[in-house]
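Note sheet for the following structure.
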Amino acid sequence: MERALAIGELAKATDTKVETVRYYERIGLLPKPGRTSGNYRAYGGAELGRLSFIRRARDLGFPIEQIRALLDLSDDRSRDCATIDEIATAHLREVDRKIADLAALRRELSALVSSCAGGTVAKCRIIDALGPDTPAQRGIG
């Protein structure tokens, strides 16, 4: 018979905060655990595996609703994995979009930093670029 894990042990084993474990229970990603005679939560291997799955999916950036869908699909091991592939592909497209956005942001910020020639704040190209378009819009002049 496997030894029951307390919530702190489960959290530590999966590098998850205790409050996050409770949150996952509240939103239904983790089932409500059994209780000890002292009314403490008692977790087993199934909960450890499920929380490890959730943590890994979160580390890969999957949103909660996609994780919920993946967990539901994984509960029936005989199912076709086409829906899982669709979820992962959609997430990959979103990651690629974010990478493209970050690359554009990096280029813009790099150009701003390169435009800095020193001097005073009054003539700072970075401050000018971050502010409104014209001195009149800034209330100057």
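The values are calculated or read from the model by the stated rules, or taken from the named source; none is laboratory data. This one's a predicted model, so the numbers in the text were calculated from it and none came from an experiment. Positions of Cβ are generated from backbone atoms using ideal geometry, with glycine treated the same way; all protein chains shown enter the neighbour counts.
Laid out as a table, the results:
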| read-out | value |
| --- | --- |
| Positions within the range 19-54 being among the β-branched types (Val, Ile, Thr) and either surrounded by 15 or more Cβ atoms within 10 Å (Cβ to Cβ) or farther than 23 Å from Ala69 by Cα (or both), in sequence order | Thr20, Val21, Thr36, Ile54 |
| Looking only at the range 4-18, and only at residues there that are surrounded by 13 or more Cβ atoms within 10 Å (Cβ to Cβ) and among the small types (Gly, Ala, Ser), the one that is farthest from Ile64 (Cα to Cα) | Ala4 |
| Helices (runs of 4 or more DSSP H) wholly inside the range 22-141 containing at least 3 residues that are under 18 Å from the mean Cα position of the chain (by Cα) | 45-59, 64-74, 82-115 |
| Flag for Ile54 being assigned by TED's automatic domain parsing to the domain that holds Thr16 and under 20 Å from Gly28 (Cα atoms) | yes |
| Which listed residue, of Ala42, Ala4, is more than 26 Å from Ala90 (Cα to Cα), small (Gly, Ala, Ser) and in contact with a Ser or Thr (Cβ under 6 Å, 6 or more places away or on another chain) | Ala42 |
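Conditions tested, residue by residue: (1) under 24 Å from Ala6 (Cα atoms); (2) in contact with a Pro (Cβ under 9 Å, 6 or more places away or on another chain); (3) in contact (Cβ under 8 Å) with a residue 12 or more places away in the chain.
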residue	(1), (2), (3)
Glu25	yes, yes, no
Arg35	yes, no, no
Tyr43	yes, yes, yes
Arg55	yes, no, yes
Ile84	no, no, yes
Ile87	no, no, yes
Val95	no, no, yes
Lys98	no, no, no
Leu102	no, no, no
